[in-house]
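A short reminder: the numbers here are calculations on the coordinates, not readings from a lab. All values reported here derive from a predicted model rather than from experimental measurement. Note: ideal-geometry Cβ built from the backbone for every residue, glycine included; neighbour counts use all protein chains shown.
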Amino acid sequence: MAENQTLFSRLRKLFSTDVIIRNVGGNQLKVVDTAHIQSNGNLSTNSRIDRFSRMFTGKTGFSHSEGQLQLYTRLELFRDYEAMDTDSIISSALDIYADECTAKNEFGDVLTIKTSNERVQKVLHNLFYDIMNVEFNLWPWIRNVVKYGDFFLYLNISEKYGITGIEPISPYEMIREEGFDPTNPHIVQFKRDYSSTSSTKYITSSDPDADVYDNYEIAHFRLLTDTNYLPYGRSMIEPTRKVWKQITLMEDAMLIHRIMRAPDKRIFKIDIGNIPPSEVDSFMENMVNKMKKVPYIDPQTGDYNLKYNMQNLLEDFYLPVRGTESGTSIDTLAGINFDSIADIDYLKNRLLGSLKIPKAYLGYEEDTTGKATLASQDFRFARTIERVQRIIASELYKIAIVHLYAQGFNDDDLVDFSLSLTAPSSVYEKEKVELWTSKVTLAGDMMEKKLFSRTWIYENLFNLSDDQNLEEQNKLVEDAKAQFRLEQIKTEGNDPVKTGQSFGTAHDIATLYKGDGGIPRGYDEKNNEAPIGGWPGAGRPSEPGTHGTH
């Protein structure tokens, strides 16, 4: 028990500042901003939200930092989000966001882990793919983040094993508290409020703080796009909320018009002849009842009822007329011509624009003969997906650090890794490939025509400094060495790294008749003279030459 308390106290200290700093060699540092303090600041010290505090301040003294008032305000938004999720367009948009964020790469991985430490690689792969099962669970997590702007995971941590399990928590129940400790304004804690939902409290403990979680126990995924919503995130469908309400009203008006107002009406002109004026009303009422209703006797009970005749319309007009030329006639009154399709299309375009999803993705095909049009739309959408992926990956960093720290990793091993999700768009990747292809072609032409030096090309075309340029040149030498080693193994069966010799090269052939270092074989280095008997083949030829005899 003491070991567990020691581990948790060290984790509490590690995440007390939200910014984890580790030395990765020399004077270089790596900073992991788990709570985005560097980009958005802390709620209690962020002056950008001061102008909005009066919106949440009343006579009772509640302020923007009061958790209960924030919870009630968020619940109002969540009710709209739940209703919006029943809309076919918005529901499809949320699915598309989750699908694009969890696309698999060419190796079939959803999450890519890069590190120079093989042990860290194995531990993190076990965490994300075996314990957390991101291949299955990441999709609903991202959909909830996009829908609500927030998503919470409870991390079950144990000594030596790190994270052994996770529990998703509804954003309805969680309250994030910041700035409650004047001595440490960056400390964060979470509270779970069961009163906002119908769920029962299953934690039974005499500890009054049983539902209070430290920062390292909760992974809070949040879309930090608007400081007005701090310390929570803003939903991706929040800009759509107003337009969704307008388009819902417009669609209801269109249906009401189609059902009640659009059908043609009939005008019945009934000749009342010589009926006295005092009896005209009763005569017309009897006439309407006969045409509108038919007698009906229930065969089971024998009750008499006047059943409504669906062949007639309630809004027909019955007009009594009299005169020598007035006979009974029936005229048609055309329905009101109300073109609501154009208005709905206008609102629908605004709805799709606020979702940032190309129309072709949602089934609204248009003229896509212009290749650049769809490609540019997909490129912008890819940037939006990439931003959501960076937010998800940043919180996965926090989960990974907690797991590594609990298993004993420290110092630079604690941050010696990178996490990334698969690029969302093939068009986005093709744009980068085409850009690099153009740069390489241009650099080759410049060097071939001797217009610029290699240093100028590396510096201005590829944005490399002198040190980076020198480092790349050294790496090219290492590549040449590796290529030579492979050629030796392939052609000569010789590994120069193991034997320290090379076979079959031009230099090797030239030294067949010479010693090592270019010294002729048999040369007396000590006395600096030729070998006894002379050099092999030296002197006059044994037979006369045959020059000029052929």
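Kindly identify segment 378-417 as rounded, prolate or oblate by the Cα gyration tensor criterion: order the square roots of the eigenvalues as a ≥ b ≥ c, call it rounded if a/c is under 1.5, otherwise compare a/b with b/c, prolate if a/b is larger, else oblate. Because a/c hits 1.5 or more and a/b exceeds b/c, segment 378-417 counts as prolate.
With Cβ to Cβ distances under 13 Å as the rule, what net charge do the other residues near Glu492 carry (K, R +1; D, E -1)?
Once all neighbours under 13 Å are counted, the net charge is 0.
For segment 82-152, what does the relative contact order come out to in percent, with C-alpha contacts under 8 Å and a separation of six or more? Rounded, it is 35 percent for segment 82-152. Checking the Cα-Cα distances for Lys114/Lys430; Lys13/Lys398; Lys245/Lys348; Lys147/Lys242 against a 21 Å cut-off, the pairs over it are Lys114/Lys430. Let me know the shape class of segment 389-445, please: from the alpha-carbon gyration tensor, a ≥ b ≥ c as square roots of the eigenvalues, rounded when a/c is under 1.5, otherwise prolate if a/b is greater than b/c, or oblate. Taking the square roots of the gyration eigenvalues as a ≥ b ≥ c, segment 389-445 is oblate.
A simple rule links phi to the HN-Hα coupling: the Karplus curve 6.51 cos²θ - 1.76 cosθ + 1.60 with θ = phi - 60°, which for segment 87-97 gives 6, 5, 5, 5, 4, 5, 5, 5, 5, 5, 4 Hz, with x for Gly and Pro. Taking a sphere under 12 Å around the Cβ of Gln407 and counting the other residues whose Cβ falls inside, with K and R at +1 and D and E at -1, yields a net charge of +1.
Annotation: amide H of Asn494 within the under-5 Å range of Ile489, sequence separation 5 or more or interchain, hydrogens built in the peptide plane.
Evaluating 6.51 cos²θ - 1.76 cosθ + 1.60 at θ = phi - 60° for every residue in segment 432-445, the Karplus couplings come out as 5, 5, 5, 5, 5, 4, 5, 5, 5, 4, 5, 5, x, 5 Hz, glycine and proline recorded as x.
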